[in-house]
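Engineer: Quick one: structure below, then a few questions.
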Amino acid sequence: MQSWHGLEDVPEGRSVVTIGVFDGVHRGHAQVIARAVALARELGVPCVALTFEPRPAEVLRPGAHPPRLATARRRAELIADLGADALCTVPFTAELARQEPAEFAQQVLADRLHAAGVVVGENFTFGHQAAGDPELLRKLGEEYGFVTEVVPLLPGVSSTSVRELLAAGDVVRATAGLGRPHRVEGVVVRGYQRGRQLGFPTANVESPPYTAIPADGVYAGWLQCVPSGNLPLAYDGCRWPAAISVGTNPTFEGVPRTVEAYALDRDDLELYGVHVAVDFAARLRGNTRFDSIEELVAQIHADVDETRRVTA
């Protein structure tokens, strides 16, 4: 998939465009992108996914915007997997937010992206103060030379609903909405190394700000390395079942909230500085304060056994 950073990078030639923030690239987004890809194939032109960075909410509601369900890199990867030929990432600015719907349709869709077709979800809005809707887009398309297709919403699936499920720790239902396990990415940093002292060394994942992290608790899932310049060759393509802890570790006072993953049966991994991904499969329990280290270790053994069962 080609990646264009800004409208200036867009080459000549007609395309089918689908537009959205695509946060999480959930099943509803996948349905819209799939229809855009199909229409592009019917018309014999490339399919272009148009998205924005930063997200519009980060510009319009700074500090009050929702957490991210996926990094920009992960979003691009998922969109590519759905068959889009190009991803055009447009910087979202206050100036762009003030653009009227007709200006957006003409200047962005017609003049820059040379749209032959545009595919959006039925809740799509665009232009200043979200004044544009799918019906207006249809009318503007007739004026500027592109057809508009509107894809119905997938009942019960939205980025908002997925965030709510994650906040409640319900990663199973979040998986159903996303179409895959929720992922938290970040670089492995040095923590307190208490897991190593207890016989369960964990990767302490420092995720980017505003990452959507599930509710505090212990989870079953997977740990894997993300391809990057500093990835040891031995770990390329590796994915390990993992017991995951999210929270402040109440048995030890004063610890900041962390995401830590113990790769089952692996005490030999050297992951400091490596970019990793943690995928959440199921919540095993909430966080508990134990009266002794022995009780904590016994519970970790039970968590590992349950993780093994869930990820088998």
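Engineer: Which residue is farthest from Leu60 (Cα to Cα), if the candidates are limited to the stretch 98-137 and must be loosely packed, with under 14 Cβ neighbours inside 10 Å and in contact with a strand residue (DSSP E or B) (Cβ under 9 Å, 6 or more places away or on another chain)?
Structural biologist: Glu135
Engineer: Given the conditions (1) over 24 Å from His301 (Cβ atoms); (2) touching a strand residue (DSSP E or B) at 6+ places or on another chain (Cβ under 8 Å); (3) outside the structural domain of His114 (by TED's automatic domain parsing); (4) in contact (Cβ under 8 Å) with a residue 12 or more places away in the chain, which single one is not true for Asp236?
Structural biologist: Of the numbered conditions (1) over 24 Å from His301 (Cβ atoms); (2) touching a strand residue (DSSP E or B) at 6+ places or on another chain (Cβ under 8 Å); (3) outside the structural domain of His114 (by TED's automatic domain parsing); (4) in contact (Cβ under 8 Å) with a residue 12 or more places away in the chain, the odd one out for Asp236 is (4).
Yes/no per residue for (1) closer than 25 Å to Leu69 by Cβ; (2) at pLDDT below 95; (3) outside the structural domain of Val16 (by TED's automatic domain parsing):
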site: Ala86; (1), (2), (3): yes, no, no
site: Ala94; (1), (2), (3): yes, yes, no
site: Ala97; (1), (2), (3): yes, yes, no
site: Leu113; (1), (2), (3): no, no, no
site: Val120; (1), (2), (3): yes, no, no
site: Ala167; (1), (2), (3): yes, no, yes
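Engineer: Which one of Val274, Val304 is at pLDDT below 95 and either β-branched (Val, Ile, Thr) or within 16 Å of Val205 (Cα to Cα) (or both)?
Structural biologist: Only one candidate qualifies: Val274.
Engineer: What's the total number of residues in the stretch 117-133 that are assigned to a helix (DSSP H, G or I) and more than 25 Å from the chain's Cα centre (by Cα)? Give the steps one after another, and end with the answer.
Structural biologist: Within the stretch 117-133, the first condition is being assigned to a helix (DSSP H, G or I), and the residues that meet it are 128-130.
Then keep just the ones that are more than 25 Å from the chain's Cα centre (by Cα); that gives 128-129.
Result for the stretch 117-133: 2.
Engineer: Can you find a residue that is free of Cβ contacts under 8 Å to residues at least 40 places away in the same chain and either more than 17 Å from Val108 (Cβ to Cβ) or out of contact with any helix residue (DSSP H, G or I) (no Cβ under 6 Å at 6 or more places or on another chain) (or both) anywhere in the stretch 14-28?
Structural biologist: no
The values are calculated or read from the model by the stated rules, or taken from the named source; none is laboratory data. Not measured: the values here are computed from a predicted model. Methodologically, a virtual Cβ is constructed for each residue, glycine included, from the backbone with ideal geometry; neighbour enumeration extends over all protein chains shown.
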